[in-house]
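Input: a single structure, listed below in structure tokens.
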Amino acid sequence: MTDDVKTDTDTVAADAGAEKPSAIPPEEMSRLTDDIVGALKTVYDPEIPADIYELGLIYKVDVGDDRMVNIDMTLTTPNCPSAAELPAQVENAVQAVAGVRDAKVNIVWDPPWDPSRMSDEARTVLNMW
């Protein structure tokens, strides 16, 4: 997984880089974090039997004080046949989380995805040890 995606709570940040504390109470942010990661884990690349979170496709998730969620994600390849569907599936999954106002996915290509970004869970599912 990427340096930006170390643990569930490291992946989801409130106003990352902001100097002021979040307007969302810590307990609520913790719940939102868990629920957003859970929602991301429901989205699967149709060609790979592992969810996009464990595959390391989610690079960054920012939760704003207004509860707008911005997600930076990548795809396994620029020619991914699911490029049109996956971002919409991610937005829909995160928008369904209680307390999220809206979600927007930004597809990024830097750094490029490679199998080293997968979690141990994804490696186990794909038998890539």
Review point. Once the piece of chain linking residue 34 and residue 98 is laid out straight, how much longer is it, given 0.36 nm per residue of separation minus the C-alpha distance between them?
Key: 21.9 nm
Point to revise | Nearest-10 value in Å² for the accessible area of residue 28, using the 1.4 Å probe | key: 50
Review point. For the range 18-129, which whole percent of the accessible surface, found with a 1.4 angstrom probe, sits on carbon and sulfur atoms?
Key: 53
Check your understanding: What does the charge add up to near residue 127, with Lys and Arg as +1, Asp and Glu as -1, over the other residues with Cβ less than 13 Å from its Cβ?
Key -> -1
Exercise for review: Enter the accessible area of residue 42 (Å², nearest 10), with the probe set to 1.4 Å and all protein chains included.
Suggested key: 90
Study note, to complete from the structure: Note to self: with every protein chain in place and a 1.4 Å probe, the range 23-121 gives an accessible area per residue in Å² of 45
Practice item. Grab the beta carbon distance between residue 128 and residue 22, set R0 = 30 Å, and tell me the FRET efficiency rounded to 0.05. Key: 0.20
Review point. Once fully extended, how much extra length lies between residue 109 and residue 121, figured as 0.36 nm per residue of separation less the alpha-carbon to alpha-carbon distance?
Key: 2.0 nm
Study note, to complete from the structure: For residue 41, the accessible surface traced by a 1.4 Å probe with all protein chains present amounts, in square angstrom to the nearest 10, to 60
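The values are calculated or read from the model by the stated rules, or taken from the named source; none is laboratory data. Bear in mind that the values here come from a model prediction, so they are computed numbers and not experimental data. All Cβ positions, glycine included, derive from the backbone under ideal geometry; neighbour counts span all protein chains shown. Just the protein is used for accessible areas: all its heavy atoms, side chains included, with ligands, DNA and RNA removed. Shrake-Rupley method; radii C 1.70, N 1.55, O 1.52, S 1.80 Å.
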